[in-house]
Amino acid sequence: MAVVREPTRQMSRQAFLRAAAGAAGALAAGTVLGPGRAAAAPNTTGWDGLSTAINGHLILPDNGQFGAAKQVFNTNYNGSTPAAVVTPTSVADVQKAMAFAAAHNLKVAPRSGGHSYIGASTANGAMVFDLRQLPGGVNFDAASGQVTVTPATSLYAIHEALAAAGRGIPTGTCPSVGAAGHALGGGLGAQSRHAGLLCDQLTSASVVLPGGQAVTASANSNPDLFWALRGGGGGNFGVTTSLTFATFATHDVDVVVHNYPQQAFAQVLVGWQNWLRTADRNSWALADSTTDAMGQHCRIMATCPAGSGASVGNAITSAVGVQPSGTENHTFNYMDLVRYLAVGNLNPAPLGYVGGSDVFTTMTPATAQGIAAAVNAFPRNAGRMLAIMHAMDGALATVAPTATAFPWRRQASLVQWYVETGDPQAATTWLNTAHQAVQQYSVGGYVNYIEANQPASRYFGPNLSKLSAVRQKFDPGRIMFSGLNF
Ligand SMILES: Cc1cc2nc3c(=O)[nH]c(=O)nc-3n(C[C@H](O)[C@H](O)[C@H](O)COP(=O)(O)OP(=O)(O)OC[C@H]3O[C@@H](n4cnc5c(N)ncnc54)[C@H](O)[C@@H]3O)c2cc1C
């Protein structure tokens with residue numbers, strides 16, 4: 001720690017002015033301050049005191065490590081200028097840094113896995129809390145079947161630790177996504193039809209509130225905060241320092257992939273939804289379309305209990321009504337499934353991407369044609385594009401829409417629009433075209449696929465007013481930064 005800490009205590013006038021300008025910039029960009037809160041700038045004395053008070057590092061813009069410290073997974077945001085990056089090594093460090101931020105009117109942007117679509121965990125003018133040094137890792141309690149993790153633990157690390165006990169949690173497919181950002185926004189993936197969202201398995205969380213108070217959120221302790229943490233989005237109420245999830249027993253799985261010609265995509269989507277309607281909850285499938293330098297192709301990828309792959313494949317073929325142009329069949333143990341869904345890349349390199357989503361109540365032929373039209377409108381030179389359809393039924397849909405902050409419990413599916421590109425302009429223009437193509441069928445978006453400049457109502461629908469009230473209670477000064485104003 002001393003290696004980086006000593007030089008960072010000395011803040012040059014130039015660095016101070018940069019930090020102050022960043023904070024002022026954030027305020028100018030529409031930051032909402034709480035009642036009676038003045039827009040004060042940070043001061044050098046304050047930084048020095050914080051650096052001395054914590055055991056972790058405080059890295060200011062004039063430190064040689066600042067450039068690396070502020071980097072996130074989406075390289076399109078590496079040009080950001082936070083006011084500082086703090087790397088707490090204990091909950092006490094988080095509390096001190098939170099108290100400092102509140103006292104100095106600095107926004108707090110927690111960083112766990114760093115995969116925010118809009119670089120929210122490296123925001124301009126904010127104090128980034130890089131939580132990767134918090135000790136604890138993954139602790140599975142065999143007696144309760146629950147697992148407790150630190151916020152920046154990667155999804156793959158959790159799967160790997162649980163595999164030894166034959167247990168799993170429901171998550172998305174990207175292995176390097178962080179537990180906190182994922183769970184706080186929902187957490188949607190291949191287990192959601194039998195186990196719901198990752199946030200549905202959250203039983204308790206430790207949270208440091210703006211101002212520095214450490215609290216527990218669970219069904220019995222701060223239940224309103226617990227409600228908000230389950231789908232209310234990262235960066236909104238405080239810094240989550242640990243999360244406890246219920247787990248399920250894992251089993252071997254068959255995987256069935258049907259490839260189709262791109263012209264059939266709309267029909268594939270309708271068939272995919274029709275199959276889901278009849279499928280056992282232990283089965284799951286996504287449908288997607290990829291556009292890259294090689295051209296366009298679409299497919300359905302299903303998972304189901306080992307031994308049932310052949311019948312699931314036949315059922316999908318008859319629901320779609322199009323003969324697949326190619327098929328793949330596998331039987332995996334659970335960890336091999338996790339690795340397969342990660343496309344074998346367990347530690348993906350950071351890259352530039354632009355993404356978003358639309359949520360659909362039903363998948364009518366018109367909705368499917370709207371999605372296919374959006375895909376066909378993608379300009380080939382704008383990067384590699386995927387339109388990925390997530391199923392929103394099964395266990396996820398057994399939860400009442402108002403039971404957690406995640407509102408989309410009565411909808412059929414959502415599409416993730418995702419473009420890998422280091423030149424976001426063309427991709428963003430197309431993303432707007434895609435939204436327009438499905439506008440009449442879309443009821444909102446998924447906060448884990450957050451887009452810049454969107455109203456919070458798009459992500460929280462009818463749950464927004466309760467969410468705003470919870471935010472007002474726990475973060476009245478709007479210290480926390482999430483990229484959403486509410
Ligand atoms: C390649 C890729 C694939 C993905 N696949 C899926 C998928 O299959 N299913 C799915 O549901 N999602 C998926 N996602 C989206 C992912 O769930 C979100 O981007 C998620 O928010 C990332 O969390 P993080 O901790 O890695 O990111 P971060 O950038 O660290 O955090 C995301 C947000 O949460 C806040 N935050 C982080 N940590 C904390 C904390 N401890 N306390 C409070 N706030 C915090 C941040 O400030 C930021 O606003 C994917 C993302 C990528 C890049």
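Averaging the Cα positions of each part gives two centres, and for region 231-299 and region 154-217 these lie 17 Å apart. Residue-normalised convex hull volume from the C-alpha trace of region 56-130: 77 Å³ per residue. In region 407-486, if the dipole is taken from +1 on Lys/Arg beta carbons and -1 on Asp/Glu beta carbons about the Cα centre, which of Thr433, Tyr446, Leu464 is farthest to the positive end? Comparing the listed Cα positions along the dipole, Leu464 ranks first.
Here the Kirkwood formula, the inverse mean of 1/r across different C-alpha pairs, assigns the chain a hydrodynamic radius of 23.0 Å.
In order along region 335-342, the phi-based Karplus estimate (6.51 cos²θ - 1.76 cosθ + 1.60, θ = phi - 60°) of 3J(HN,Hα) comes to 5, 5, 5, 4, 5, 5, 5, 7 Hz; Gly and Pro are listed as x.
Helical content alone sets the calculated 222 nm signal of the chain at -9000 deg cm²/dmol, taking -39,500 (n - 2.57) per DSSP H segment of four or more residues and averaging over every residue.
Remark: region 280-353 carries a charge dipole of roughly 80 debye about the Cα centre, counting +1 on each Lys and Arg Cβ and -1 on each Asp and Glu Cβ.
Note on the chain: antiparallel DSSP beta bridges, both residues inside, total approximately 90 percent of the bridges counted.
Considering the options Pro401, Thr250, Cys174, tell which one lies farthest towards the positive end of the dipole of the chain, charges being +1 on Lys and Arg and -1 on Asp and Glu at the Cβ, about the Cα centre. Looking along the dipole axis, the top candidate is Pro401. In region 56-130, the DSSP beta bridges split such that about 30 percent are antiparallel, to the nearest 5.
Remark: region 310-324, residue by residue, has Karplus-estimated 3J(HN,Hα) of 5, 5, 5, x, 5, 5, 5, 4, 6, 5, 7, x, 10, 6, x Hz, where x stands for each Gly or Pro and the curve is 6.51 cos²θ - 1.76 cosθ + 1.60 at θ = phi - 60°.
Across region 271-281, computed HN-Hα scalar couplings (Karplus, 6.51 cos²θ - 1.76 cosθ + 1.60, θ = phi - 60°) run x, 4, 5, 5, 5, 4, 4, 9, 7, 4, 5 Hz from first to last residue, x flagging Gly and Pro. Relative contact order of the chain: 16 percent, from C-alpha pairs under 8 Å at least 6 residues apart in sequence. Per residue, the convex hull around the alpha carbon atoms of region 131-273 comes to 139 Å³. For region 56-130, the relative contact order is 38 percent, taking Cα pairs closer than 8 Å that sit 6 or more residues apart in sequence and dividing their mean separation by the residue count.
Values quoted throughout were computed directly from the atomic coordinates according to the rules given, and no laboratory measurement underlies them. Because the structure is a prediction, the values reported are computed rather than measured. Methodologically, a virtual Cβ is constructed for each residue, glycine included, from the backbone with ideal geometry; neighbour enumeration extends over all protein chains shown.
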